[in-house]
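The structure appears below as structure tokens.
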Amino acid sequence: MAEPWRDRARRAVEWNWRLRAVGDARPHYVICGKDALAYYVARAVLESELPVGGARVTVVVPERYRSNGPDVAGLRGVRVVRSDRLDVPTFEAAGLAGAAGLALLHQDDVGNLYAALCAQAVDQRVRQVLRMFNGTLADGVRKLLKARVEVLSDAEMAAPAFVAAALGEVDPSSFQHRDKTLRVARRADVRPQDVVCALADFGAEQGVRLLPAEQAEADLVLAEATGQPPGTEVAARRLVRARRRRRPVTVLMGAVRGFATRKIGIAVMLVLALIAVLGALISRAEDVSPLEALYLTLVTTLSGADPDTNKAADAQIMQVVLNLAGLALIPLITAVVVDGIVNARLALHTGRLQPAREGHFVVVGLGNVGTRVMAQLREYDVEVVAIDKNPEPRGAALARQLEVPLVVGDAALPETLASASVADCQALVVASTDDVANLEAALAARDLRDDLRVVLRLFDGDFAERVEETFALGVSRSVSYLAAPAFIGALTERAVITTIPVDRHALPVAEVPVAPGSELDGRPLDVVNRDGQVRLIARTPAGGAKTIWWRDLEPRQVIFPGDRLTVVARRRGLDWLTKQCAPPAVGKAPTPPGQLGSVPRSAPTSPGAARPVGPPSLPTVEPAPPPGPTDQEVAASAPGAAHPVSTPISPPVAAVPPTQGAGVEHWPGEQSGDTGVRDEPDASATRSA
């Protein structure tokens, strides 16, 4: 039977695309995901200044899906492949063979593992970056795959920011690099000699000012760790001590209040008060000692007494009332016991919490992020209560192991919040994956208490800012944006050491090598620092010499090939620095000394030695370079290209790709110059950039 014409057309289109990819020497990245993390990673790769000429990005998304945040399939300049299964045919349709990197960003550990194995069957040389929550499985994946693989957990990277916000402290980010341990702290909490660089100034009129030039005006700094515990640990210890100092009577009364319902408790208290009053009156009427009066009261109440007609009328009346109180007390005690047992069984089976709590933390949503937040709070020994709609959420087993009560119900309902004692908690962390549900829970909690500290997870940064301005709901965090720099660095093979979250921004700490003949080759160190973009904190000379840290960095020291520069930067600042440190294009004539990109220098006596360098000459117009390689050749020779080539293998096929066909949507031949995309996901970043 002849092949249908639609299948023949589809095969022809796919063949044309494959020929086009062969002729395009720009590095190709394949990103599989549908949420905000995939969006930020794809957008960063598209906007990256390296390699020269941009990169080709293919995004694999399901056939039908709903995005809670920014839509990765709506990015301009990406090729979209729609497939519900990440298997070998899907990766072949996406052009994975010969790609520079593959990012598997779905929230499915097993699905990502299967996709990694299929991708390995297509091309073992491609670099893979996997998103995984299970740490044990992640360790096994690193050993199992033959391809180059990096396994990261966005929840693990973002959870400290949520914990710090809940405790009212700065994020306790700390990392070790070379022979130093650095941490993030408030400027007032560290000694001036320990300050490495300024990170943020929150008092600026235009919003948060990142990497300011003035060290003294910065509210948040990167400092050398000298043994002091981070602020989050200090705050948690203070809360634990306050909980232990509670009066025993208060704790006992709280337990009694939680054991029975309010009406039964009031009835028991009234009957006991009546018995006490009648006992005191009987003791006075019969003129006996307090111990004898207590004995008579108990015997009369619990077992009754023989009638005595010789007693006074008032004493007989009190004795009768006391007998009636005893008859009422016994059923009430029985009701209290039965009610307590029933409540305990209901709490066990339905997750409802009856005991009242105070000074604890409430975590809504035991998904990836909520489970990490709960675990880190319990590491500080603070009391935690969890809320989730699902009776068996992802973190249910860990909650039982950590003895964290789980309330099953909708966090937007007042009765659910009351079961978790939200009105008396220290802070509420709303970390589910639904923006609408998170906002509803935060508003319902604020109705219970106006001054409640709320840490809100919202995927859309612009929506988060508008919510903060309109409803004043406290702190909002974007897990995807906090974790995106680490995934971007792993995908493009940049040495990102860690990512420092500041407000809703993220500052990557990276180590960038200087290539021979690059723009920074022979330049002084002071050209690396750019206010608001890049801050140099260390330099490791070529040859494995000892790292020179910020205290000993001389601005006039010369940068040599092979040096490694450790910087704190914004994403675009890191793009600029990587471009400056990249090797020159193949066939490009070296820049003569004295022109832009070079400074005159004498022959070095030893690598890393400081020496005076004359002032750089004024920039001159560089003459037009001779005919050299194309942009594609430059891109292929830059870092991050999977298979560098010097010349195109074959000319591109002059075929216009269809807008949609065989599950493949648009992919412009050149990267779209979308100047409207901001450097940060929220609107305040525009003001602070």
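The values are calculated or read from the model by the stated rules, or taken from the named source; none is laboratory data. This structure is a prediction, so every number in the text was calculated from the model and none was measured. Using ideal geometry, Cβ is built from the backbone for each residue, glycine included, and neighbour counts are taken over all protein chains shown. The accessibility values were calculated without ligands, DNA or RNA, using every heavy atom of the protein model including side chains. Shrake-Rupley method; radii C 1.70, N 1.55, O 1.52, S 1.80 Å.
Selection within segment 529-549: residues that are among the small types (Gly, Ala, Ser) and part of a loop (DSSP other than H, G, I, E, B). The member of this set that is modelled with the lowest pLDDT is Gly544. Residues of segment 265-301 being polar (S, T, N, Q) and loosely packed, with under 14 Cβ neighbours inside 10 Å, which ones? Hit for segment 265-301 is Ser289, nothing else.
Yes/no per residue for (1) out of contact with any Lys or Arg (no Cβ under 8 Å at 6 or more places or on another chain); (2) farther than 23 Å from Val436 by Cβ; (3) open to solvent by 30 Å² or more (accessible area, probe 1.4 Å); (4) at pLDDT 85 or above:
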| site | (1), (2), (3), (4) |
| --- | --- |
| Arg43 | yes, yes, no, yes |
| Leu50 | no, yes, no, no |
| Gly54 | no, yes, no, no |
| Ser67 | no, no, yes, no |
| Arg76 | yes, yes, yes, yes |
| Arg82 | yes, yes, yes, yes |
| Leu86 | yes, yes, no, yes |
| His106 | no, no, yes, yes |
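Can you spot a residue in segment 56-64 that is open to solvent by 30 Å² or more (accessible area, probe 1.4 Å), more than 26 Å from Arg457 (Cβ to Cβ) and at pLDDT below 70? Within segment 56-64, not a single residue is open to solvent by 30 Å² or more (accessible area, probe 1.4 Å), more than 26 Å from Arg457 (Cβ to Cβ) and at pLDDT below 70.
Yes or no, residue by residue, for (1) open to solvent by less than 40 Å² (accessible area, probe 1.4 Å); (2) of a type outside the set (Val, Ile, Thr); (3) at pLDDT 80 or above:
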residue: Leu130; (1), (2), (3): yes, yes, yes
residue: Ala138; (1), (2), (3): yes, yes, yes
residue: Leu145; (1), (2), (3): yes, yes, yes
residue: Phe162; (1), (2), (3): yes, yes, yes
residue: Pro172; (1), (2), (3): yes, yes, no
residue: Arg178; (1), (2), (3): no, yes, yes
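The set of residues in segment 191-200 being open to solvent by less than 40 Å² (accessible area, probe 1.4 Å) and farther than 19 Å from Leu210 by Cβ consists of Asp194 alone.
Could you look through segment 560-594, keep only residues that are out of contact with any Lys or Arg (no Cβ under 9 Å at 6 or more places or on another chain) and among the small types (Gly, Ala, Ser), and pick out the one that is modelled with the highest pLDDT? Step through it out loud before you land on a result.
Quick first cut of segment 560-594, residues out of contact with any Lys or Arg (no Cβ under 9 Å at 6 or more places or on another chain) only: 560-562, 570-572, 575, 579, 581-592, 594.
From the residues that got through so far, the ones that are among the small types (Gly, Ala, Ser) too are 562, 582, 585, 587, 589, 594.
Values: Gly562: 92, Ala582: 86, Ala585: 68, Gly587: 56, Ala589: 53, Gly594: 38.
So the residue we want is Gly562.
Checked against the criterion of being at pLDDT below 95, exposed (fewer than 13 other Cβ atoms within 10 Å of the Cβ) and among the charged types (D, E, K, R), the candidates Asp552, Asp521, Asp526 yield just one match: Asp552.
Among the candidates Leu348, Leu353, Leu413, Leu406, the residue that is open to solvent by less than 30 Å² (accessible area, probe 1.4 Å) and either over 22 Å from the mean Cα position of the chain (by Cα) or modelled with pLDDT of 90 or more (or both) is uniquely Leu353. Annotation: of all residues in segment 434-481 being among the acidic types (Asp, Glu) and modelled with pLDDT of 80 or more, the one that is surrounded by the fewest Cβ atoms within 10 Å (Cβ to Cβ) is Asp451.
The residue of segment 22-38 that is modelled with the highest pLDDT, among those that are open to solvent by less than 40 Å² (accessible area, probe 1.4 Å) and assigned to a helix (DSSP H, G or I), is Ala38. Evaluation of Gln124 against the conditions (1) out of contact with any Lys or Arg (no Cβ under 6 Å at 6 or more places or on another chain); (2) open to solvent by 20 Å² or more (accessible area, probe 1.4 Å) shows that the sole unmet condition is (1).
Rundown of residues vs (1) among the hydrophobic types (A, V, I, L, M, F, W, C); (2) under 21 Å from the mean Cα position of the chain (by Cα), yes/no style:
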{"residue": "Leu448", "(1), (2)": "yes, no"}
{"residue": "Val475", "(1), (2)": "yes, yes"}
{"residue": "Ala486", "(1), (2)": "yes, yes"}
{"residue": "Arg523", "(1), (2)": "no, no"}
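For Ala188, indicate whether it is at negative phi and buried (at least 17 other Cβ atoms within 10 Å of the Cβ). Against the criterion (at negative phi and buried (at least 17 other Cβ atoms within 10 Å of the Cβ)), Ala188 does not qualify. Against the conditions (1) at pLDDT 70 or above; (2) outside any helix (DSSP H, G or I); (3) open to solvent by less than 70 Å² (accessible area, probe 1.4 Å), Glu358 satisfies every one except (3). Residue check: is Asp314 assigned to a helix (DSSP H, G or I), open to solvent by 60 Å² or more (accessible area, probe 1.4 Å), modelled with pLDDT under 75 and among the charged types (D, E, K, R)? Against the criterion (assigned to a helix (DSSP H, G or I), open to solvent by 60 Å² or more (accessible area, probe 1.4 Å), modelled with pLDDT under 75 and among the charged types (D, E, K, R)), Asp314 qualifies.
Of all residues in segment 499-525, those that are hydrophobic (A, V, I, L, M, F, W, C) and assigned to a strand (DSSP E or B) total 7.
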